[in-house]
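A.B. asks: This is the structure I have questions about; it appears just below.
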Amino acid sequence: MKNKLIASSSPHIRSKDTTTTVMRDVLIALAPAALAGIYFFGFGAVKIYLLSIASAVITEYIIQKFILKTSVTIGDLSAVVTAVLLSMTLPVTAPWWIPVIGAAFAIGIVKQAFGGIGSNFMNPALAARAFMVASWPVIMTGSWVTPGVDAVSTATPLGLIKESGGFGALSEAGVNFTDLLIGNVAGCLGETSALLLILGGLYLLWKKVISWRIPVAYIGTVAVLYLVTGAAMSEILVQLAAGGLMLGAFFMATDYVSSPVTPKGRLIFGIGCGVLTFVIRKFGGYPEGVLYSILLMNVVSPLIDRYTTPKVFGEVKKA
């Protein structure tokens, strides 16, 4: 009997999951959409992925080994996940130094400068993209091409809608809903195929890597807001399938570190992302709103956690 009584500090319930297994599952979930980007945009996409991964891993190694003089954690795959997510937000026409600088900024400034994994208050990949959009706006937002070997310059589906003020521009440009689902449209490397991103998100839900609350609240809020403002069902489906909504909802807004930990807080976070995305897309100057929506909600995430943390059993309100 005495051998069964073990006194130890919390946590008393342990999981077999580690940072490496979680990151590996995220990479598996991202793989279909990433491969689709390579299929549609060719060798230029491979170059961006490889440069971004190399830059992220080398930056993390140098900072941990020679500057911070701490244990090197590049083996946990978190830097690789950040690099892949960043690459998926870049156009295939980006010059080689864009993924190199972007990945170095994500790891060096957004992640390691704030204490490394678990301490960054923003999603590193999104923060790096915001930095690059502010620094090189023409490269980041004005150099889209059509998929295929005979690529020509064009606008993204959301850009066409914003510029023309209506959904008719899509049909005039030869873009249909099937193209949006599979990713055969102009856009970032990894956010064009809504169908494969949804499959990746379902894989993460099945593996219990992410909770359903943020993606459902996020996507549902965008859909409901377009519905109440009089949009047709076909227009709502286009808004959900186009741009970075699926990538953001399943893979970026669900970041463990920069999103709330409480169930109610995750719902509030998802709804907030949805409202901001709708407002920016509908009334803002940018055709896309996912980037800034998630970053803004990252900032208020600690506040959401503070007011949604369940009361401890037996706790009484202070007088």
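The values are calculated or read from the model by the stated rules, or taken from the named source; none is laboratory data. These numbers come from a predicted model, not from an experiment. Counting neighbours? That spans all protein chains shown, and the Cβs are built from the backbone with ideal geometry, glycine included. Note: areas computed on protein heavy atoms with side chains; ligands, DNA, RNA excluded. Shrake-Rupley method; radii C 1.70, N 1.55, O 1.52, S 1.80 Å.
A.B. asks: To the nearest 0.05, what FRET efficiency results for Asn176 and Ser135 with a Förster distance of 25 Å applied to their C-beta separation?
C.D. replies: Working: r = 35 Å, r/R0 = 1.40.
With a Förster radius of 25 Å, E is 0.10.
A.B. asks: Okay, moving on. Ser119 to Ala232: extension gain in nm, 0.36 nm per residue of separation minus the Cα-Cα distance? Don't jump to the answer; show the numbers that get you there.
C.D. replies: Values: separation 113, 0.36 × 113 = 40.68 nm, distance 4.24 nm.
Taking Ser119 through Ala232 to full extension adds about 36.4 nm, to one decimal.
A.B. asks: Further, regarding this structure: What angle, in degrees between 0 and 90 and rounded to the nearest 10, separates the Cα long axis of helix 43-62 from the longest principal axis of the Cα atoms of the chain?
C.D. replies: Once rounded, one gets 30 degrees.
A.B. asks: May I ask you to evaluate 6.51 cos²θ - 1.76 cosθ + 1.60, the Karplus curve with θ = phi - 60°, for each residue of segment 90-101 and list the ³J(HN,Hα) values in order in whole Hz, giving x for glycine and proline?
C.D. replies: After applying 6.51 cos²θ - 1.76 cosθ + 1.60, I find 9, x, 5, 7, 4, x, 4, 7, 5, x, 5, 5 Hz.
A.B. asks: Specify whether the C-alpha gyration tensor of the chain places it in the rounded, prolate or oblate class, a ≥ b ≥ c being the square roots of the eigenvalues: rounded for a/c under 1.5, otherwise prolate if a/b is larger than b/c and oblate if not. The partial results should precede the final answer.
C.D. replies: Working: a/c = 1.97, a/b = 1.35, b/c = 1.46.
Oblate shape, in that a/c is at least 1.5 and b/c is the bigger or equal ratio.
A.B. asks: Hey, another quick one. If packing is taken as the mean number of other Cβ atoms within 10 Å per residue, what is the order of 237-250, 291-304, 96-109, highest first?
C.D. replies: Numbers: 237-250: 25.4, 291-304: 19.3, 96-109: 22.0.
In descending order of packing, they fall as 237-250, 96-109, 291-304.
A.B. asks: Helix 124-135 against the longest principal axis of the chain: what's the angle in degrees, Cα atoms only, rounded to the nearest 10?
C.D. replies: Tilt relative to the chain: about 40 degrees.
A.B. asks: In vacuum, with every alpha carbon of segment 181-239 counted as one equal point scatterer, what does the Debye formula give for log10 I(q)/I(0) at q = 0.16, 0.21 Å⁻¹? Two decimals, please.
C.D. replies: Values returned for q = 0.16, 0.21 Å⁻¹ are -0.64, -0.97.
A.B. asks: Something else now. So what is the accessible area of segment 62-190 per residue, in Å², with the probe set to 1.4 Å?
C.D. replies: Numbers: 5450 Å² over 129 residues.
That works out to 42 Å² per residue.
A.B. asks: Can you give me the % of accessible surface on segment 201-253 that is carbon or sulfur? Probe 1.4 Å, all protein chains present, nothing else counted. Spell out each step's value before the answer.
C.D. replies: Details: 1500 of 2110 Å².
That share works out to 71 percent.
A.B. asks: Hey, how much of the P(r) for segment 245-307 falls beyond 14 Å, as a percent of Cα pairs? Each step should come with its number before you reach the end.
C.D. replies: On the way: 982 of 1953 pairs.
Tail of P(r) above 14 Å: 50 percent of Cα pairs.
A.B. asks: Work out, in µm²/s and without decimals, the Stokes-Einstein translational diffusion coefficient of segment 72-167 at 20 °C, 1.002 mPa s, Rh from Kirkwood over C-alpha pairs. All intermediate terms of the calculation are to be shown ahead of the outcome.
C.D. replies: Values: Rh = 14.7 Å.
Estimated via Stokes-Einstein, D reaches 145 µm²/s.
A.B. asks: Within the chain, what's the longest stretch lacking trypsin sites (Lys or Arg not before Pro) that sit in DSSP loops with no more than 14 other Cβ atoms inside 10 Å? Let's see the in-between values first.
C.D. replies: On the way: sites that count: Arg14, Lys16, Lys69, Lys208, Lys311, Lys317, Lys318.
Between exposed loop sites, the widest span is 70-207.
A.B. asks: Could you tell me the calculated FRET efficiency between Val261 and Thr20, based on Cβ-Cβ distance and R0 = 25 angstrom, to the nearest 0.05?
C.D. replies: Details: r = 21 Å, r/R0 = 0.83.
For R0 = 25 Å, the calculated efficiency reads 0.75.
A.B. asks: Sticking with this structure for a sec: What number, in percent, do you get for the relative contact order of the chain if the mean sequence gap of Cα pairs under 8 Å and at least 6 apart is divided by its residue count?
C.D. replies: Numbers: 466 pairs, mean separation 55.8, N = 319.
It comes to 17 percent, rounded to a whole number.
A.B. asks: Also: Enter the angle in degrees (range 0 to 90, nearest 10) between the Cα long axis of helix 213-228 and the first principal axis of the Cα atoms of the chain, meaning the one along which they spread out most.
C.D. replies: 40 degrees
A.B. asks: HN-Hα J couplings of segment 294-301 from phi, Karplus 6.51/-1.76/1.60, θ = phi - 60°, integer Hz, Gly and Pro as x?
C.D. replies: Result, rounded to whole Hz: 5, 4, 5, 6, 4, 5, 8, 4.
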